[in-house]
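The values are calculated or read from the model by the stated rules, or taken from the named source; none is laboratory data. These numbers come from a predicted model, not from an experiment. Glycine also receives a Cβ, built like all others from the backbone with ideal geometry; neighbour counts cover every protein chain displayed. Each accessible area value is taken on the protein alone, full model and side chains, heavy atoms only, with ligands, DNA and RNA left out. Shrake-Rupley method; radii C 1.70, N 1.55, O 1.52, S 1.80 Å.
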Amino acid sequence: MARGDGVVRAAYAPAPGPSGNRGGALTGGRGRRTAAGVAFGCAFAYGAMKLDWALGGTFLMRQTPLPRAARDDLLNRTADAVLGHWTAVALAVVGMAAALHLSGRFRPHGRIRRGVLLAGSWAGCLFMVSRAIGLLGYGFCHDLRLLTGAVSVPPPAADLARYEAGWDLLLWSPYWLVFGICWGLAARHYRRARRDRPAGASGHG
């Protein structure tokens, strides 16, 4: 009887992961779904906000850090600004679809589609993390320097600059950092999952 129980337990035990531990496959799948799920949520939230703006709403509009000219266009709802909102909505939908693919909810991809998905995900990760850190202008480094007085701002624009930096430090930069890190983690898990699939289980491009 003991021998039979051992056979049953072995049959239902999780398959070894890439590192050889039997829990690796389950842990990797859970991490992949979590990272992709957070990325999906971030893309959805961004798209919903941009849709609100495109339809005439103002949710978090004045709290968005932008150069003066772009801010004026945003608040005055110029044609270019509204077109930009709709473009952002479309990009958010693409991001949501990409996050679902990274989560493994669809059948395996061929080499071409897999390469496009990974390239786009890594590019998005790099852009978002760079934005959050401050390599593209706004971000943690810029906000802290401005709020501590390390950056000089003309007096007429000082109050607005500090207001935007405060919102960016507490909301936008953390948002972009979480968004970007989750893109990177989801892409990493997706790449490892595809690499570890048995030969002949891949789809076609």
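Here each label is just a point 7 Å from Cα along the line to Cβ, and for Asp72 and Leu126 those points are 3.5 nm apart. Full extension of the chain between Val116 and Val94 yields a length gain of 6.7 nm, computed as 0.36 nm times the residue separation minus the alpha carbon distance. With the biggest extent put first, the Cα atoms of the stretch 54-205 measure 66, 35, 20 Å across the principal axes. Centroid-to-centroid, using Cα positions, the stretch 118-148 and the stretch 72-106 are 18 Å apart. Spin-label model, Trp86/Leu135: points 7 Å from Cα along the beta carbon direction are separated by 3.4 nm.
Across q = 0.12, 0.17, 0.24, 0.31 Å⁻¹, the stretch 50-103 modelled as identical point scatterers on its alpha-carbon atoms has Debye log10 I(q)/I(0) values of -0.32, -0.57, -0.90, -1.21, in the order of the q list. Among Asp143, Asp159, the order of accessible area from largest down is Asp159, Asp143, computed with a 1.4 Å probe on protein heavy atoms. The simple Förster model, with R0 at 35 Å and r as the Cβ-Cβ distance, assigns Ala48 and Leu147 a FRET efficiency of 0.75. Per-atom-type breakdown for the stretch 38-195 gives carbon and sulfur 68% of the accessible area (1.4 Å probe, protein chains only). Looking at the stretch 59-159, the accessible area is 61 square angstrom per residue; that uses a 1.4 Å probe and ignores ligands, DNA and RNA.
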